[in-house]
Structures are given as C-alpha cells and as structure tokens.
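No value in this document is a laboratory result; all are computed from the given coordinates. What you are looking at is a predicted structure, and each value in this text was computed from that prediction instead of being measured. For neighbour counting, all protein chains shown are included, and Cβ atoms are generated from backbone atoms with ideal geometry for every residue, glycine included.
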Amino acid sequence: MDMSPEVLITVVTIIVSGASIVLGTAVPALSEGKAAQKALEGIARQPEAAGDLRTTLIISMALLESTAIYVLLVVLILIFANPLLNRFFS
C-alpha cells in the first residue's frame, strides 16, 4: 500500500492520539481510585480527621483530573489542528 506522506502522518497521529487518550485517562482514573481508597481508610481509622482528609482528597482529585484534561487538549490539537502537517508540508 502506497501512502502519501501527508496521509501517513495523519494515520500515525490518529493512532498515537488514540493510545494517548487511553493512557491519559486510565492512569489518572486509577490514581484517583487509589487516592479515594487511602482517604477512606484514613477516615475509617481516624474519623475526627475526616474534614482535613476530605479537603486534601478533593484538591488531589482536581489535580489528577487536570492531567487527563491536558491529555485531551493535546489530543484534540493533534487531531484537528495537526502542527506536523504545517511544519513538514507547507
């Protein structure tokens, strides 16, 4: 199969974007689950510290979720405004 360089870069970009979004959402999701598990264990051990643990958990969840949002942003840029095509094929 003979593909032009533009088509090859587009296909590779789509494949890499797909793999990136899978890893970029799975890893933060697993980390969020682990953080929630540890926070619940801490609350079960020391119920009086529930407020501090809850606040820390919410902040850490927001930071973890922001990494997935950054991955989504990069993937959308690669798919819809691919800078590689403009750089190599003016």
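Would you confirm whether or not segment 32-49 contains a residue that is part of a helix (DSSP H, G or I), in contact with a helix residue (DSSP H, G or I) (Cβ under 8 Å, 6 or more places away or on another chain) and among the polar types (S, T, N, Q)? Scanning segment 32-49 turns up no residue that is part of a helix (DSSP H, G or I), in contact with a helix residue (DSSP H, G or I) (Cβ under 8 Å, 6 or more places away or on another chain) and among the polar types (S, T, N, Q).
Determine whether residue 61 is of a type outside the set (Ser, Thr, Tyr) and not in a helix (DSSP H, G or I). In short, no.
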